[in-house]
């Protein structure tokens with residue numbers, strides 16, 4: 001990979017990230033790589049870079065993906081958070097990391113994104129994209145009615161605290177906590193997962209999403225993208241969710257192994273020796 005210009009995005013709310021960003025910028029400039037630091041708040045990417053470094057947790061990387069997807073820029077995250085499903089170990093040596101990048105010794109994965117629109121009185125009043133999930137939830141601590149349509153079918157009315165549509169990347173996040181299935185990241189499949197459904201008959205569905213999914217509310221609620229972007233929904237708003245034509249381009253270590261990561265981060269499989 002050619003590295004002439006790199007953008008450096010870091011979570012300024014973490015002191016360790018601020019110091020690491022300054023050190024990284026110094027190291028990159030010693031390698032004659034132009035480096036631009038991007039602000040965490042009101043982030044706008046108005047130019048192309050060869051690479052974006054994201055210093056923070058998975059949440060920081062989610063934000064940078066939404067802001068940079070239209071530019072099709074590769075992103076490498078250094079983990080200063082907790083789980084670190086999408087990021088490198090923060091202790092990875094920068095010289096070794098740059099050497100691997102220049103020699104193309106890394107794993108580049110293109111992860112599916114969701115395009116989301118809110119339609120009110122036949123007008124689009126909100127647009128956004130998500131890497132993990134799109135969630136519609138009640139404004140109050142009670143279940144709500146949500147009508148869902150896919151292709152020519154009505155998926156009946158959900159009565160639950162909410163409903164989420166998640167990508168394979170997001171299947172190990174909120175979806176997992178809500179009882180949804182884990183999807184292998186390269187699958188062209190999406191999970192429709194009810195949140196605390198008030199019936200035993202409504203369970204997660206796995207969809208190809210070759211056509212848009214529509215969710216109609218019957219009362220006020222709110223829409224959330226990746227747990228970070230919020231929009232208040234009015235009665236009779238229609239939410240349209242479809243597979244985005246764009247992908248997130250995320251760089252992982254050359255020996256990246258999704259199932260090994262599940263074991264390390266989520267103790268997948270447990271210990272059966274004493275079973």
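The values are calculated or read from the model by the stated rules, or taken from the named source; none is laboratory data. All values derive from a computational prediction rather than experimental measurement. Here Cβ is always computed from backbone atoms with ideal geometry, including for glycine, and neighbour counts include all displayed protein chains.
How many residues are in contact (Cβ under 8 Å) with a residue 60 or more places away in the chain, farther than 30 Å from residue 252 by Cβ and touching a strand residue (DSSP E or B) at 6+ places or on another chain (Cβ under 7 Å) when one looks only at region 147-195?
Residues in region 147-195 being in contact (Cβ under 8 Å) with a residue 60 or more places away in the chain, farther than 30 Å from residue 252 by Cβ and touching a strand residue (DSSP E or B) at 6+ places or on another chain (Cβ under 7 Å): 4 in total.
Conditions: (1) more than 16 Å from the chain's Cα centre (by Cα); (2) surrounded by fewer than 21 Cβ atoms within 10 Å (Cβ to Cβ); (3) within 30 Å of residue 262 (Cβ to Cβ). Residue 72 meets all but one. Number of the miss?
Single failed check for residue 72: (1).
Out of all the residues in region 42-55, which are at pLDDT 90 or above and either out of contact with any strand residue (DSSP E or B) (no Cβ under 8 Å at 6 or more places or on another chain) or crowded, with 20+ Cβ neighbours inside 10 Å (or both)?
Result: 49, 51, 52, 53, 54, 55.
Determine whether region 90-109 contains at least one residue that is out of contact with any strand residue (DSSP E or B) (no Cβ under 6 Å at 6 or more places or on another chain), buried (at least 19 other Cβ atoms within 10 Å of the Cβ) and assigned by TED's automatic domain parsing to the domain that holds residue 61.
yes
Tell me, yes or no, whether region 77-98 has at least one residue that is touching a helix residue (DSSP H, G or I) at 6+ places or on another chain (Cβ under 6 Å) and part of a strand (DSSP E or B).
Yes: region 77-98 contains one or more residues that are touching a helix residue (DSSP H, G or I) at 6+ places or on another chain (Cβ under 6 Å) and part of a strand (DSSP E or B).
Whether any residue in region 164-186 is more than 24 Å from residue 86 (Cβ to Cβ) and either modelled with pLDDT of 95 or more or surrounded by 21 or more Cβ atoms within 10 Å (Cβ to Cβ) (or both) is what I want to check.
So far as region 164-186 goes, no, none of its residues is more than 24 Å from residue 86 (Cβ to Cβ) and either modelled with pLDDT of 95 or more or surrounded by 21 or more Cβ atoms within 10 Å (Cβ to Cβ) (or both).
Please determine whether any residue of region 6-25 is assigned to a loop (DSSP other than H, G, I, E, B), in contact (Cβ under 8 Å) with a residue 12 or more places away in the chain, exposed (fewer than 15 other Cβ atoms within 10 Å of the Cβ) and on the phi > 0 side of the Ramachandran plot.
Checking region 6-25: not a single residue is assigned to a loop (DSSP other than H, G, I, E, B), in contact (Cβ under 8 Å) with a residue 12 or more places away in the chain, exposed (fewer than 15 other Cβ atoms within 10 Å of the Cβ) and on the phi > 0 side of the Ramachandran plot.
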